[in-house]
Amino acid sequence: MNAEHLIKMANDIGAFFEAMPNREQATKDVATHIRKFWEPRMQKSLMVYLSTHGDAGLKDIVRDALREFHPA
Amino acid sequence: MFASRLKRRLRAGARLIVVDPRSIDLVSSPHIKADYHLQLRPGTNVAVINALAHVIVTEGLLAQDFVDQRCDVEAFNVWREFVARPNNSPEALEVMTGVPAAKIREAARLYATGGNGAIYYGLGVTEHAQGSTMVIGIANLAMATGNIGREGVGVNPLRGQNNVQGSCDMGSFPHEYPGYRHVSDDATRTLFEKDWGLSLRKEPGLRIPNMFEAAMDGSFKGLYCQGEDIVQSDPDTQHVIAALETMECIVVQDLFLNETAKYAHVFLPGSSFLEKDGTFTNAERRISRVRKVMAPKAGLGDWEVTVALSNALGYPMHYNDPSEIMEEVARLTPTFAGVNYDKLDRLGSVQWPCNDEMPEGTPLMHIDHFVRGKGRFLITQYVPTDEKITPKFPLLLTTGRILSQYNVGAQTRRTDNVRFHEEDRLDIHPQDAEERGIHEDDWVGISSRAGDTVLRARVTERMQPGVVYTTFHFPESGANVITTDNSDWATNCPEYKVTAVQVVKVKHSSEWQENYRKFNETQLRLLKEKVVAGAVATVNGH
């Protein structure tokens with residue numbers, strides 16, 4: 001899957017939740033959204049890309065959300 | 001249907017606020033005149049809803065009793081503090097939205113204090129990068145003013161087709177089972193596994209744009225497409241076609257050989273609503289029977305084709321009649337537990353939830369409490385779309401549909417409706433046209449970062465300066481050659497409503513249109529040869 005597109009999608013999700021006042025909950029919500037709505041190969045493709053290319057393109061909240069993330 | 005009822009109420013004295021980038025008929029037409037037209041810039045919906053909420057909160061127009069009794073007060077307080085911030089005021093957002101602050105203030109006062117207030121919205125809300133955020137913003141506004149849970153108020157999404165609601169109800173999302181239950185819910189999944197005798201995945205599937213992405217990397221190889229023409233209706237046509245060309249098996253089932261069928265390996269005939277039994281469910285959750293008035297010309301109803309395909313693939317289905325399918329739906333879906341064909345015949349129609357508690361259906365929801373319990377306000381931060389105007393693409397294109405053509409036009413282009421709308425045109429404001437030396441009926445090239453196409457111009461003050469508009473009812477128009485892969489953050493619904501473009505006067509069709517013309521001619525010639533060969537074979541066979 002196109003990693004650039006996946007990063008943009010993840011950041012778009014982050015852009016919605018980062019406005020929430022409870023940062024801890026918002027970070028969890030980003031991870032939950034990706035788990036619930038991204039097909040496993042999308043999740044895996046993103047994690048594989050980040051492990052080899054780094055996560056510089058991610059919003060902070062997305063980076064934090066994916067830190068404890070285990071792709072299917 | 002909705003508009004005719006809406007107009008009847010307007011003629012009887014109801015007040016109206018229209019939020020639309022264009023001066024649509026509802027703004028001003030015989031016997032109809034909107035009190036306020038908030039003519040916003042495409043892509044700024046969330047800024048407008050936040051500005052409306054700001055006025056309601058800061059001018060003391062809240063339905064505080066409703067909020068106190070029905071809503072999560074902690075979440076409400078967080079939302080109230082957010083929308084009250086100065087950066088959400090109509091004055092602060094005016095430069096982005098293009099809507100005069102005074103108009104926003106007056107419209108907000110009317111919605112909050114004008115008696116029953118109902119919000120109706122179409123794809124102009126959802127087909128944006130922030131479509132889901134806007135839906136949340138609308139729900140916030142309705143709760144804040146107490147406009148929900150009784151007759152004459154509410155939030156009413158108008159569906160793009162007659163059975164969008166029914167399809168959603170029945171789990172057509174890649175992450176849900178019927179009744180909006182997530183695939184990861186063990187209890188629900190176990191219910192279906194036991195009933196069907198199968199093991200089912202607990203992870204979500206791919207959405208359409210994700211399927212194209214997966215096809216491009218070689219991991220998505222087959223598609224069964226029923227009654228939808230993704231080649232014409234989906235954004236970034238060239239990307240869609242490139243993805244389809246990588247697939248090993250595309251099955252299209254449709255009434256007509258549509259644009260997607262030209263890329264199919266197998267074509268299965270579809271049946272029209274006059275040729276099949278079943279139900280349609282409309283936007284008010286109303287389930288109505290569809291009864292065939294003639295036998296399917298293709299020999300089988302749509303459901304029978306699906307059953308035959310399933311049987312051939314190794315999962316035998318044993319339905320003898322669509323009513324048996326509804327029995328299964330009722331057995332497995334709590335909100336449909338009381339629905340059956342006898343009841344539909346007796347009552348005429350039923351609005352779900354229909355179960356032991358509400359055996360004749362539920363005309364109104366959220367009367368005393370919300371289905372989820374307390375109404376939950378959520379912050380809706382305005383995030384401008386990435387699709388921004390630049391010196392290269394200085395205009396914003398927004399696309400839509402008109403009354404006389406149905407979506408991609410596969411059905412209506414074959415009727416006399418073409419007299420009302422015989423081609424897709426580009427609507428452009430006189431000022432933008434003059435700057436470009438464009439006159440009525442001129443051919444104009446429209447280019448975006450995704451592609452180019454050529455249409456004839458219609459110079460009209462229905463548009464605001466800086467914004468152009470077209471429809472996508474004719475495949476040769478290539479309207480979706482221009483639209484991009486931008487999509488909603490939550491649903492991946494394409495952002496059809498905002499594309500940065502340039503428009504110039506031209507004399508020739510675009511390269512894509514030339515290629516399309518040749519491709520189409522080849523396809524139609526091959527089809528004709530096949531039909532003739534088939535006819536000869538039949539004759540020889542006899």
Open item on the list: Kindly evaluate B:T44 against the criterion of being touching a helix residue (DSSP H, G or I) at 6+ places or on another chain (Cβ under 9 Å), away from chain A (no Cβ under 14 Å), hydroxyl-bearing (S, T, Y) and over 20 Å from B:G115 (Cα atoms).
Closed with: yes
TODO: Go through segment B:181-204 and count every residue that is polar (S, T, N, Q) and facing chain A (nearest Cβ under 10 Å).
DONE: 1
TODO: Return the residue satisfying two criteria in turn: it lies in segment B:286-307 and is touching a strand residue (DSSP E or B) at 6+ places or on another chain (Cβ under 9 Å) and among the aliphatic types (A, V, I, L, M), and of such residues it is modelled with the lowest pLDDT.
DONE: B:A298
TODO: Mind listing whichever residues of segment B:124-180 are among the hydroxyl-bearing types (S, T, Y) and within 13 Å of chain A (Cβ to nearest Cβ)?
DONE: B:S132, B:T133, B:Y180
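If you scan segment B:325-352, which residues turn out to be without any contact (Cβ under 8 Å) to a residue 60 or more places away in the chain and assigned to a loop (DSSP other than H, G, I, E, B)?
Kept after step one, since they are without any contact (Cβ under 8 Å) to a residue 60 or more places away in the chain, are these residues of segment B:325-352: B:325-327, B:330, B:337-343, B:345-347.
Listed by number, the residues that qualify are B:A337, B:G338, B:V339, B:N340.
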- [ ] Please state which of the following conditions B:I136 fails to meet, knowing it meets all the rest: (1) farther than 24 Å from A:A3 by Cα; (2) touching a residue at least 12 places away in the same chain (Cβ under 8 Å); (3) in the same structural domain as B:G338 (by TED's automatic domain parsing); (4) not small (G, A, S).
- [x] (3)
- [ ] State all residues of segment B:474-504 that are more than 15 Å from the chain's Cα centre (by Cα) and more than 30 Å from B:N417 (Cβ to Cβ); if no residue qualifies, say none.
- [x] B:D485, B:N486, B:W489, B:A500, B:Q502, B:V504
TODO: Just one of (1) crowded, with 19+ Cβ neighbours inside 10 Å; (2) touching a helix residue (DSSP H, G or I) at 6+ places or on another chain (Cβ under 6 Å); (3) facing another protein chain (nearest Cβ under 10 Å) trips up A:H33, so point out which.
DONE: (1)
Task: Residues that are in contact with a helix residue (DSSP H, G or I) (Cβ under 7 Å, 6 or more places away or on another chain), surrounded by fewer than 17 Cβ atoms within 10 Å (Cβ to Cβ) and acidic (D, E), drawn from segment B:66-125 - done: B:E91
Open item on the list: Can you pull out every residue in segment B:189-233 that is under 30 Å from B:H318 (Cβ atoms) and of a type in the set (V, I, T)?
Closed with: B:T190
- [ ] Tell me, yes or no, whether segment B:368-390 has at least one residue that is away from every other protein chain (no Cβ under 14 Å), of a type in the set (F, W, Y) and in a loop (DSSP other than H, G, I, E, B).
- [x] no
TODO: Residue by residue through segment B:217-238, note down the ones that are over 20 Å from B:Q411 (Cα atoms) and crowded, with 19+ Cβ neighbours inside 10 Å.
DONE: B:F220, B:L223, B:P235, B:D236, B:T237
Open item on the list: Among (1) away from chain A (no Cβ under 14 Å); (2) of a type in the set (A, V, I, L, M); (3) closer than 21 Å to B:D386 by Cα, there is one condition B:A450 misses while meeting the rest; what is its number?
Closed with: (1)
- [ ] Could you identify the single residue in B:V418, B:V408 that is part of a loop (DSSP other than H, G, I, E, B) and either more than 14 Å from chain A (Cβ to nearest Cβ) or of a type in the set (K, R) (or both)?
- [x] B:V408
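The values are calculated or read from the model by the stated rules, or taken from the named source; none is laboratory data. Since the structure is predicted, the reported quantities are computational estimates derived from the model, not experimental observations. Neighbour counts are summed over all protein chains in view; Cβ atoms, including those assigned to glycine, are modelled from backbone coordinates with ideal geometry.
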